[in-house]
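Novice: One structure, as structure tokens, below. Some questions next.
The values are calculated or read from the model by the stated rules, or taken from the named source; none is laboratory data. As the structure is a computational prediction, the values presented were derived from the model and not from experiment. With ideal geometry, Cβ positions are generated from the backbone for all residues, glycine too; neighbour counts draw on all protein chains shown.
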Amino acid sequence: MKTHLLLTATLSALFAACATGKVSRIEPTGDRAVTTVGGIDIKDWLTASEAMIQSLLNSGRVVTPPDSAAVMAISRIANNTTQQVDTDLLVKNIRIALNKSGKIVTTTTVGLGGTAEDPLAKELAAKRAAAGGPNRIPDPSYTLSGKILENRQQQGSEKTTSFIFQLSLTDVNGIAVWEDQKIISKYAKRTFLGL
């Protein structure tokens, strides 16, 4: 019993010492960022969103009204992975970049199933419209939808996981005017320590 208590105390002290190591800030896409083979890490989100941003902006498929930006609403971004993730880790980066480009702005008052990202803004816009004011909720010119998928392969001690990010931009006529996907694959090999 004493040996068990001594071992438990030693292990607890060791874990506590490890937990109080030096912490430093790093670049999320830098070499020191932790890469996980089994999950989507911050580097994956940033890589996928940057690829989609460049693809969409370079496509020339977005038609903007004169002296303004096109309005985009966010539709369903389905997470078909084994992870529980917030798809805004992908979508928000894309929205910010599109907004900064001046080509597309995102409505926060129109959403799938009548939901609004910003319920207060939706309520205020509806009140202004009911009072005959000039402001009303704008109809989106485009909707953004997509999926995040995963594919896992393992053979012996080697494992590969691929995450597939797929997005579509659809116009008011129901035509997908832009589509793209980014596949991020990660490889790991277990090493066995001999005696």
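Novice: Just a yes or no: is a residue in segment 116-125 in contact with a strand residue (DSSP E or B) (Cβ under 8 Å, 6 or more places away or on another chain), surrounded by 13 or more Cβ atoms within 10 Å (Cβ to Cβ) and of a type outside the set (Ser, Thr, Tyr)? Don't jump to the end; show me each part of the working.
Specialist: Filtering segment 116-125 for residues in contact with a strand residue (DSSP E or B) (Cβ under 8 Å, 6 or more places away or on another chain) gives 117.
Filter again for surrounded by 13 or more Cβ atoms within 10 Å (Cβ to Cβ), leaving 117.
Still in the running and of a type outside the set (Ser, Thr, Tyr): 117.
Yes: one or more hits.
Novice: Filtering segment 66-112 down to residues that are among the charged types (D, E, K, R) and more than 18 Å from Thr47 (Cβ to Cβ), which residue is modelled with the lowest pLDDT?
Specialist: Our first condition is that a residue be among the charged types (D, E, K, R); within segment 66-112, this holds for 67, 76, 86, 88, 92, 95, 100, 103.
So of that shortlist, the ones also more than 18 Å from Thr47 (Cβ to Cβ) come out as 67, 76, 100, 103.
Working: Asp67: 84, Arg76: 96, Lys100: 96, Lys103: 93.
Checked segment 66-112; the qualifying residue modelled with the lowest pLDDT is Asp67.
Novice: Asp139 versus (1) outside any loop (DSSP other than H, G, I, E, B); (2) in contact (Cβ under 8 Å) with a residue 40 or more places away in the chain; (3) charged (D, E, K, R); (4) exposed (fewer than 14 other Cβ atoms within 10 Å of the Cβ): which is the lone unmet condition?
Specialist: Going through the list (1) outside any loop (DSSP other than H, G, I, E, B); (2) in contact (Cβ under 8 Å) with a residue 40 or more places away in the chain; (3) charged (D, E, K, R); (4) exposed (fewer than 14 other Cβ atoms within 10 Å of the Cβ), Asp139 breaks only (1).
Novice: Next question. Could you give every pair whose Cβ atoms fall below 6 Å, whose first residue belongs to segment 176-190 and is on the phi < 0 side of the Ramachandran plot, and whose second residue is in a strand (DSSP E or B) and surrounded by fewer than 13 Cβ atoms within 10 Å (Cβ to Cβ), counting only separations of at least 6 or pairs across chains?
Specialist: Lys189/Glu158
Novice: Continuing with the same structure: Restricting segment 142-167 to residues that are surrounded by 17 or more Cβ atoms within 10 Å (Cβ to Cβ) and of a type in the set (Gly, Ala, Ser), which is nearest to Gly38 (Cα to Cα)?
Specialist: Among residues in segment 142-167 that are surrounded by 17 or more Cβ atoms within 10 Å (Cβ to Cβ) and of a type in the set (Gly, Ala, Ser), the one nearest to Gly38 (Cα to Cα) is Gly146.
Novice: Follow-up. So, Val91, is that one under 29 Å from Asn151 (Cα atoms), hydrophobic (A, V, I, L, M, F, W, C), under 19 Å from the mean Cα position of the chain (by Cα) and buried (at least 16 other Cβ atoms within 10 Å of the Cβ) or not?
Specialist: yes
Novice: Assess whether Glu179 counts as being modelled with pLDDT of 95 or more, within 18 Å of Asn79 (Cβ to Cβ) and surrounded by 14 or more Cβ atoms within 10 Å (Cβ to Cβ). Show your work before the answer.
Specialist: On the way: modelled with pLDDT of 95 or more: yes; within 18 Å of Asn79 (Cβ to Cβ): no; surrounded by 14 or more Cβ atoms within 10 Å (Cβ to Cβ): yes.
When the stated conditions are applied, Glu179 does not pass them.
Novice: Quick check on my filter: what residues within segment 66-99 are over 12 Å from Phe165 (Cα atoms), in a loop (DSSP other than H, G, I, E, B) and not aliphatic (A, V, I, L, M)?
Specialist: Pro66, Asp67, Ser68, Thr82, Gln83, Gln84, Asp86 - these are the residues of segment 66-99 that are over 12 Å from Phe165 (Cα atoms), in a loop (DSSP other than H, G, I, E, B) and not aliphatic (A, V, I, L, M).
Residues checked against (1) closer than 15 Å to Val91 by Cβ; (2) free of Cβ contacts under 8 Å to residues at least 24 places away in the same chain; (3) among the hydrophobic types (A, V, I, L, M, F, W, C):
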| position | (1), (2), (3) |
| --- | --- |
| Ala126 | no, yes, yes |
| Thr143 | yes, no, no |
| Gly146 | yes, no, no |
| Asn151 | no, yes, no |
| Ser157 | no, no, no |
